[in-house]
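Let me begin by presenting the structure, written as structure tokens, before commenting on it.
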Amino acid sequence: MPPATLPSDLRHEYAEINGIRMHWVEAGAGELVVLLHGFPEFWYSWRHQIAALAPGYRVVAPDLRGYNETERRGPYDTDTLQQDVLSLIAHLGESSAHIVAHDWGGVIGWLLAIQRPEAVRTLTVCNLPHPAVFQKAIQRSPRQMLKSWYVLAFQAPWLPQRLIAFRNYQALAKALIGDCRPGTFTREDIEAFLGAWRRQGLSGGINWYRGLIRHPRLLPDPLPKVVAPTLLIWGEDDQFLGKELTDGTDEYVEMLDLHYLPGVSHWVQQEAPGEVNQLLLAHLRAANQRG
């Protein structure tokens, strides 16, 4: 896979957003697209999408709360994490954005689309189920509960971040490489991830999991359907989240476009950027055509 060539106008920006110092990268011009990464990533996990989107859109990829160059300070409950994104959008002079999200970023994307629909023009989620579907699966499926063992493991104080930092994060990098098809990451990519993890550790990201358990956010009752046009992309070889977690999503989404990518892992936008970019660009164009 050729390395991503980031746009020449890529800018690193910093500002106080929702009470913390946030860092993001920005490129291009046009309608605002906000890219939300997952654990244990940072803005760079969207490098292939930034390169594909910047010619036609204003692309913004933040380091989310506690990651890389964004301040590591709580709280980490989902209401605060949603407000981080809403405040960033407002700081950028907009009232809404196209939201593209993966993993934990997908949790925030789904919740925004459910609870703040006016702020979400379109939604794209990679390998993260609708929260109502996931809630049912955890209650009914021991297999999925076992796959999600790390959520409970991360509740322990100090030990998870020590274990993840083993060998100065070399073990984590090796695990990430091993989970993907050969050639997914260049040497420069791995050096970028190692630099981000070592900058301030991953305790901030682990605190997202702790916040989920310690400050549970109940879904609205009755639960409104997601009205934003929604693209759900799913790498079928995800070892953390089973493909069955997509079943029934259409019950909760008015306009759902679901695509499976065989042979692709959880890290779908990095492992299969060509397919993801093609689907994403088509999704955004279709939304514009609908007006």
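The values are calculated or read from the model by the stated rules, or taken from the named source; none is laboratory data. As the structure is a prediction and not an experimental result, all values here were calculated from the model. Here the Cβ is made from the backbone with ideal geometry for all residues, glycine too, and neighbour counts use every protein chain on show.
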Subset of the stretch 57-87 that is assigned to a loop (DSSP other than H, G, I, E, B) and of a type in the set (Lys, Arg) - its residue that is surrounded by the fewest Cβ atoms within 10 Å (Cβ to Cβ):
Arg73
Of all residues being charged (D, E, K, R) and within 20 Å of Gln239 (Cβ to Cβ) in the stretch 168-192, which is surrounded by the most Cβ atoms within 10 Å (Cβ to Cβ)? Just the residue, please.
Asp179
Yes or no: the stretch 39-56 includes at least one residue that is surrounded by 21 or more Cβ atoms within 10 Å (Cβ to Cβ), of a type outside the set (Gly, Ala, Ser), assigned to a strand (DSSP E or B) and at pLDDT 95 or above.
no
Need the failing condition index for Ala90 against (1) touching a residue at least 24 places away in the same chain (Cβ under 8 Å); (2) assigned to a helix (DSSP H, G or I); (3) farther than 30 Å from Lys243 by Cβ, just the number.
(1)
If you go through Ala29, Ala15, the only one that is touching a strand residue (DSSP E or B) at 6+ places or on another chain (Cβ under 9 Å) and not in a loop (DSSP other than H, G, I, E, B) is Ala15
How about the stretch 211-236: which of its residues are charged (D, E, K, R) and in contact with a helix residue (DSSP H, G or I) (Cβ under 9 Å, 6 or more places away or on another chain)?
Arg217, Lys225, Glu236
Evaluate the following for Val264: is it among the aliphatic types (A, V, I, L, M) and in contact with a Phe, Trp or Tyr (Cβ under 9 Å, 6 or more places away or on another chain)?
yes
Can you tell me which residue in the stretch 1-38 is modelled with the lowest pLDDT, limited to those that are among the acidic types (Asp, Glu) and over 19 Å from Glu69 (Cβ atoms)?
Asp9
Which one is farthest from Tyr44 (Cα to Cα) among residues in the stretch 231-287 that are among the hydroxyl-bearing types (Ser, Thr, Tyr) and part of a helix (DSSP H, G or I)?
Thr249
Which one is surrounded by the most Cβ atoms within 10 Å (Cβ to Cβ) among residues in the stretch 204-232 that are among the small types (Gly, Ala, Ser), touching a Pro at 6+ places or on another chain (Cβ under 8 Å) and more than 25 Å from Val253 (Cα to Cα)?
Gly205
